[in-house]
Amino acid sequence: MERCYINGMGCISVQNTFEGDFLEHPIVYSDTNIIYAVKPNYKAFIPPAAIRRMSSGVKNSIVASALAIEQAQVNELDGIITGTGMGCIQDSEKFLEKMIDFNEEYLTPTSFIQSTHNTVSGQIALKLKCNAYNFTYVNTGGSFPSALLDGLMQIKDEGKNNILIGGIDEIADYTFKLYQTIGHIKKDNEESYHILESRSEGCVGGEGSTFFVLSNEKQDQTYAEVLDAHLVNKLKKEQLEGFINNFLQRNNMNISDVDAVVLGNNGDVNFDTYYDEAERLFKSNSDLLYYKHLFGEFMTAPSIAVWIASNVLKEGKAPSVLYKNNEKGSVSIKTVLIYNQYRGKDHSLTLLKNV
């Protein structure tokens, strides 16, 4: 069975993650409940005439995928696999608004055509002239873990050489207002959004596009090795310990072998109890790292966690901003476990190690 390495990464997020510095100067958002991605220089990657016709998710994904491919130094891909929870929701809103404004008449099809969930993988394939395996997973919080698991199987079981995988979600104003109305997003003008310290209903919403090149050969620029990934839709809190232990055991490891754990706490009082249980399991042996206080919550946020874990493994340590209260962490991190769940469902585990 082949081994699977992350040889290139590209990340467009609410932090300045596309210029090579690993959280050197992070922005801490404590006064807003919706965080928008920092825009890169699109003109360096996309023809100016095409930029205005693309939603932010598509533009960000083209840039992030290009950065990942450039880092990996690959000339040919054996597949493009993406995961998205909401797809190109901005174009969906545009089309619906025009239907209302024009009384369902004289509509141009552009926004409708570009609103499909597989638009991103299709646009990347067209740009690269890649006719290989192309698949998009749409499964709320399980979207990116499903894409990662597929990519892992393509490398390990199918003998593929280079697979591009990515997680994409974008903010659409009307949709997020609906989410706020039903309590998924925190209310406006709450006292503060220090989500690692205080909790209330809902989360701080974010967005991002993160891509990785998975390869079967280690290179000089390799970030980490992906050992395993697992996903389950429903899990009770009392089942979490067994879920984690079984996953580690099938990789000939136990809890004490994990140097760091990346957790997806988002400040939602209704669901962060899962992470409380994970903290209890690992706090005696492992560094506890957090990221959604910096990046916000969205359905494919686990892609950000993989980007963080890969950088941590390459650096051998984690920046203090990923710890609670800016604690000082371990000086040598060689294995990282990522645990995420989305609103109590779609529980995923990803295990990475240094190379």
Query - Pairs, first closer than 14 Å to residue 259 by Cα and modelled with pLDDT of 95 or more in segment 315-333, second part of a helix (DSSP H, G or I) and among the charged types (D, E, K, R), C-beta under 9 Å, six or more apart - result: 333/315
Query - Filter result (part of a loop (DSSP other than H, G, I, E, B), in contact with a Leu (Cβ under 9 Å, 6 or more places away or on another chain) and open to solvent by less than 20 Å² (accessible area, probe 1.4 Å)) within segment 296-355 - result: 318, 323, 333, 344
Report summary line: Among the residues of segment 239-286, the number that are charged (D, E, K, R), open to solvent by 50 Å² or more (accessible area, probe 1.4 Å), closer than 16 Å to residue 227 by Cβ and assigned to a loop (DSSP other than H, G, I, E, B) is 1
Report task. Among what's in segment 36-84 and is assigned to a loop (DSSP other than H, G, I, E, B) and among the aromatic types (Phe, Trp, Tyr), pick the residue that is nearest to residue 294 (Cα to Cα). Result -> 36
Query raised in the report: Within segment 113-134, which residues are surrounded by 15 or more Cβ atoms within 10 Å (Cβ to Cβ), assigned to a helix (DSSP H, G or I) and either touching a residue at least 40 places away in the same chain (Cβ under 8 Å) or among the charged types (D, E, K, R) (or both)?
Result: 119, 120, 121, 123, 124, 125, 128
Report summary line: Residues of segment 95-121 being modelled with pLDDT under 95, under 30 Å from residue 341 (Cα atoms) and of a type outside the set (S, T, N, Q), in sequence order, are 117
Report task. Give segment 161-220 a look and list any residue that's open to solvent by 40 Å² or more (accessible area, probe 1.4 Å) and of a type in the set (Val, Ile, Thr), or say none. Result -> 181, 182
Query raised in the report: Which pairs do you get when a residue that is under 21 Å from residue 297 (Cα atoms) and open to solvent by less than 40 Å² (accessible area, probe 1.4 Å), found in segment 144-160, comes within reach of a residue that is assigned to a loop (DSSP other than H, G, I, E, B) and small (Gly, Ala, Ser), reach meaning Cβ atoms under 9 angstrom, with the pair 6+ apart or on two chains?
Result: 144/85; 144/301
Query - Residue that is farthest from residue 210 (Cα to Cα) [pool: residues in segment 28-45 that are crowded, with 19+ Cβ neighbours inside 10 Å and among the β-branched types (Val, Ile, Thr)] - result: 34
Requested in this report: Tell me, please, whether a residue that is open to solvent by 40 Å² or more (accessible area, probe 1.4 Å), closer than 17 Å to residue 210 by Cα and of a type in the set (A, V, I, L, M, F, W, C) can be found in segment 68-81.
Outcome: no
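Taking the options 283, 345, 317, 328, name whichever one is in contact with a Ser or Thr (Cβ under 9 Å, 6 or more places away or on another chain) and over 20 Å from residue 23 (Cβ atoms). Before the answer, list the steps.
On the way: 283 fails: in contact with a Ser or Thr (Cβ under 9 Å, 6 or more places away or on another chain); 317 fails: over 20 Å from residue 23 (Cβ atoms); 328 fails: over 20 Å from residue 23 (Cβ atoms).
Answer to the selection: 345.
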Requested in this report: Would you please name the residue that is farthest from residue 10 (Cα to Cα), looking only at residues in segment 221-238 that are part of a loop (DSSP other than H, G, I, E, B) and open to solvent by less than 40 Å² (accessible area, probe 1.4 Å)?
Outcome: 235
Query - Hits in segment 97-107 (condition: within 19 Å of residue 54 (Cβ to Cβ) and open to solvent by 80 Å² or more (accessible area, probe 1.4 Å)) - result: 97
Query - Single match in 87, 20 (criterion: in a loop (DSSP other than H, G, I, E, B), out of contact with any Phe, Trp or Tyr (no Cβ under 9 Å at 6 or more places or on another chain) and within 24 Å of residue 313 (Cα to Cα)) - result: 20
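The rows are residues; the columns are (1) among the aliphatic types (A, V, I, L, M); (2) under 19 Å from residue 160 (Cβ atoms).
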| site | (1), (2) |
| --- | --- |
| 1 | yes, yes |
| 5 | no, yes |
| 33 | no, no |
| 80 | yes, yes |
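The values are calculated or read from the model by the stated rules, or taken from the named source; none is laboratory data. All of these numbers come straight from a predicted model, not from anything done at the bench. Cβ coordinates were reconstructed from backbone atoms using ideal geometry, including for glycine residues, and neighbour counts include every protein chain displayed. Heads up: the accessible areas ignore ligands, DNA and RNA and are worked out on the full protein's heavy atoms, side chains in. Shrake-Rupley method; radii C 1.70, N 1.55, O 1.52, S 1.80 Å.
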